[in-house]
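Report on the structure given below.
What follows is calculated from the coordinates using simple rules that are stated; it is not laboratory data. These numbers come from a predicted model, not from an experiment. Ideal geometry is used to build each Cβ from the backbone, glycine not excepted, and the neighbour counts take in all protein chains shown.
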Amino acid sequence: MFNQNKNFNINNQVYFSLSNVVNIFNHEIEIKRKKGMRSLRLSVKHDGRIILSVGRAYPLFLIKKFLQTKQAWLEDSLVKIKNRNSLFSIQHTASEITKYKKQTKILAEERLKYFNQFYNFKYQRIAIRNQSSRWGSCSSKKNLNFNYRLALLPTELSDLVIVHELCHLQEMNHSKNFWAEVVKTMPNYKILEKNLKKV
């Protein structure tokens, strides 16, 4: 068991503590333990945050082994994020955020009404948020959340985000059934997904 009063030093490279943050190669990595997850997934978000998703009981030595093989990939990914002029890296003023939130609310309502003609899904509240790395989300209560930056995207990409979250009302996952719903109104969603990642 972990001692609550200690940090853990593994080969002087990886430090683990109960804060669920790993420091490796001078980078902080947030650890998210998820029930039922059997593998590891390392990702770099638009704002430069590094997240490692693992199962709740995943062994420490395997986490260490995995991270030590990912240094080159991690450094390369961080350089790409730094050099990319992402919409998430742009700092807007309070008045700009308010303006974009209003525009995104109107956009989301109009496009949801249009696309839901083909699905007829039921949803509750629509909220516009200032999220640092997510374009949208769908809650188990059938609330739809969208990033205010949606108003700054090309129409085909904002439509993709809206359809994506709309389809989560039916499938709260990314299974084949979920993508089967998406493709009904977004037959070129794979290309659009790639383009969205470049924004």
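Count of the range 49-75 residues, restricted to those that are of a type in the set (Lys, Arg), within 22 Å of the chain's Cα centre (by Cα) and surrounded by 13 or more Cβ atoms within 10 Å (Cβ to Cβ), is 2. Pairs meeting the criteria (first residue in the range 137-159 and more than 18 Å from residue 100 (Cβ to Cβ), second residue aromatic (Phe, Trp, Tyr), beta carbons under 7 Å, at least 6 apart or on different chains) are 142/123. Restricting 107, 78, 87, 40 to those that are touching a Phe, Trp or Tyr at 6+ places or on another chain (Cβ under 7 Å) and either of a type outside the set (Gly, Ala, Ser) or loosely packed, with under 12 Cβ neighbours inside 10 Å (or both) reduces the list to 40. Every condition in (1) buried (at least 18 other Cβ atoms within 10 Å of the Cβ); (2) part of a helix (DSSP H, G or I) is met by residue 145 except one, and the failing one is (2). With respect to (1) closer than 26 Å to residue 89 by Cα; (2) assigned to a helix (DSSP H, G or I); (3) not hydroxyl-bearing (Ser, Thr, Tyr), the lone exception for residue 128 is condition (2).
Being under 21 Å from residue 195 (Cα atoms) and surrounded by fewer than 18 Cβ atoms within 10 Å (Cβ to Cβ) is the filter here, so list the residues in the range 123-142 that pass it.
131, 132, 133, 134, 137
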